[in-house]
1. Return the total of residues in the stretch 260-287 being within 24 Å of Val224 (Cα to Cα), surrounded by 19 or more Cβ atoms within 10 Å (Cβ to Cβ) and touching a residue at least 12 places away in the same chain (Cβ under 8 Å).
2. In the stretch 166-221, which residue that is modelled with pLDDT of 95 or more and of a type in the set (Phe, Trp, Tyr) is farthest from Thr120 (Cα to Cα)?
3. Considering the stretch 309-348 alone, what residues qualify as being without any contact (Cβ under 8 Å) to a residue 24 or more places away in the chain, in a helix (DSSP H, G or I) and either surrounded by fewer than 18 Cβ atoms within 10 Å (Cβ to Cβ) or among the aromatic types (Phe, Trp, Tyr) (or both)?
4. Restricting to the stretch 320-335, give me the number of residues that are within 9 Å of the ligand (Cβ to nearest atom) and of a type outside the set (A, V, I, L, M).
5. Would you point out the residue of the stretch 352-378, among those that are of a type in the set (Asp, Glu) and assigned to a loop (DSSP other than H, G, I, E, B), that is nearest to Arg153 (Cα to Cα)?
6. Just one of (1) without any contact (Cβ under 8 Å) to a residue 24 or more places away in the chain; (2) in contact with a Cys (Cβ under 7 Å, 6 or more places away or on another chain) trips up Ser82, so point out which.
7. Hey, any hits in the stretch 213-227 for a residue that's among the charged types (D, E, K, R) and touching a Lys or Arg at 6+ places or on another chain (Cβ under 8 Å)?
8. Give me the pairs: first residue in the stretch 190-206 and in contact (Cβ under 8 Å) with a residue 40 or more places away in the chain and closer than 18 Å to Met239 by Cβ, second residue within 13 Å of the ligand (Cβ to nearest atom) and hydroxyl-bearing (Ser, Thr, Tyr), beta-carbon distance under 7 Å, and six or more apart or on different chains, which are they?
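The values are calculated or read from the model by the stated rules, or taken from the named source; none is laboratory data. From a predicted model like this one, the values you see are computed outputs, not experimental measurements. In this analysis, Cβ positions are derived from the backbone assuming ideal geometry, glycine residues included, and neighbour counts consider all displayed protein chains.
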Amino acid sequence: MTKTFFPTTRPSSAAVPVLDTRAIRAFHQSLPGYAVTPLYSCPLLAERLGVARVLVKDESKRLGLPSFKMLGASWATATAISREWLGFAANPESIAQLKRDLASTYGRTWRVGRRLVAATDGNHGRGVARMARLLRLRCQIFVPAGTAKSRIRSIEREGARVDVVNGTYDDAIARSAEEASATTLVVSDTSWDGYTETPTNVINGYSTMFSEIDDQMGLAQPNVVAFQAGVGAFAAAGMMHWANRRKPSDVTMLAIEPSTANCLMESARAGAITLVPGPHESTMAGLNCGLPSLIAWPMVEKFTDGYIAVTDDSTYAAMRLLAECGIVAGESGAAGLAGLLAVSDPDQRRHTGLTSDATVLVINTEGATDPLNYRRVTGETAKGVMRTQRRRQNRTHTITVNS
Ligand SMILES: Cc1ncc(COP(=O)(O)O)c(C=O)c1O
């Protein structure tokens, strides 16, 4: 039986790589549809968690897609193309410059035979497919068995070919890795022995979201942050961000996973990367991963104050609560809040930093990426929730945005 909550003790200090986040953000700003995503203050959630303030960074619309994943997919794709196909040591400045560099290096036929490949449980692959579309490259995406049809169709609509692998997300990753060649770039959000550079850039790409939060919060900082996790790349990015900005002990950082795919929690318990075998059948599709990312794990291990395992029913309750606040959150998107709700009872909350004066940050990492399930769970469509958003001003309001 999986324990719901596994508190850990962090080391007093740990080295964190420093990033040129401005260059990454400038690249993201060059992509069509870039806008700072909203940060909402939700009194209803603060009341439920018994804290002073709950802020929700809403990534349900990011660069024209319904999840934060395009931030990592775009930066990792652009840096991989720069490095592998152009032989540049410097980072790409903009998507337009990247296209110009490809054309001037290879002439008019630079696209012939070149393609992007990725494995995904939905959101990352859609981001890679969007990058392929922007660069007019061919694209092949591998998905695990059981991937919702709507998620497959969304990737196909980007112009990519989608192949269903008979197995888990981890099997799809292994299948995608076989495609690597001089003309095929594998853009994976997880890493393994000998394949770390591109997934490092996926993690680095997520930094734009965290620097936006810094701008939006000004001098204030969160006391508790909840990171929903699959392979741990998103959590690693966020944890590095706050570890760089504050004394790591100033902010409680929690990792939330499905109880049936809690590979970070099991790795922490074992003291080494540990596989949680499939099938992984949670509807939190983005979090259905059996193995932590090799490069994310050391950061997650260092900075996580507690691992929380949640069920589908608890993320559904969080989806409904967010919908009441006028925020459209899919199954994986609501999991961070679900984790906090799971440990908000008097006994557990003392380990989690959920005190009555705390500012808590939740990140809604995706919108309704499976619209049928979204409607079944919340009783509303995403559009319906957004329509009522304006009437819910007493519950949710946007906080200061400086950029
Ligand atoms: C919506 C959503 N949230 C969170 C995550 C977790 O990210 P990671 O796999 O880096 O832990 C994912 C991963 O696909 C996701 O799709």
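1. Going through the stretch 260-287 one residue at a time, the tally reaches 10.
2. So the residue we want is Phe210.
3. Asp313, Pro346, Asp347
4. Final tally of qualifying residues: 4.
5. Among those that are of a type in the set (Asp, Glu) and assigned to a loop (DSSP other than H, G, I, E, B), it is Asp370.
6. So Ser82 meets the others, but not (2).
7. Within the stretch 213-227, one or more residues are among the charged types (D, E, K, R) and touching a Lys or Arg at 6+ places or on another chain (Cβ under 8 Å).
8. Thr190/Ser293; Ser191/Ser293; Pro199/Ser188; Pro199/Thr190; Pro199/Ser191; Pro199/Ser293
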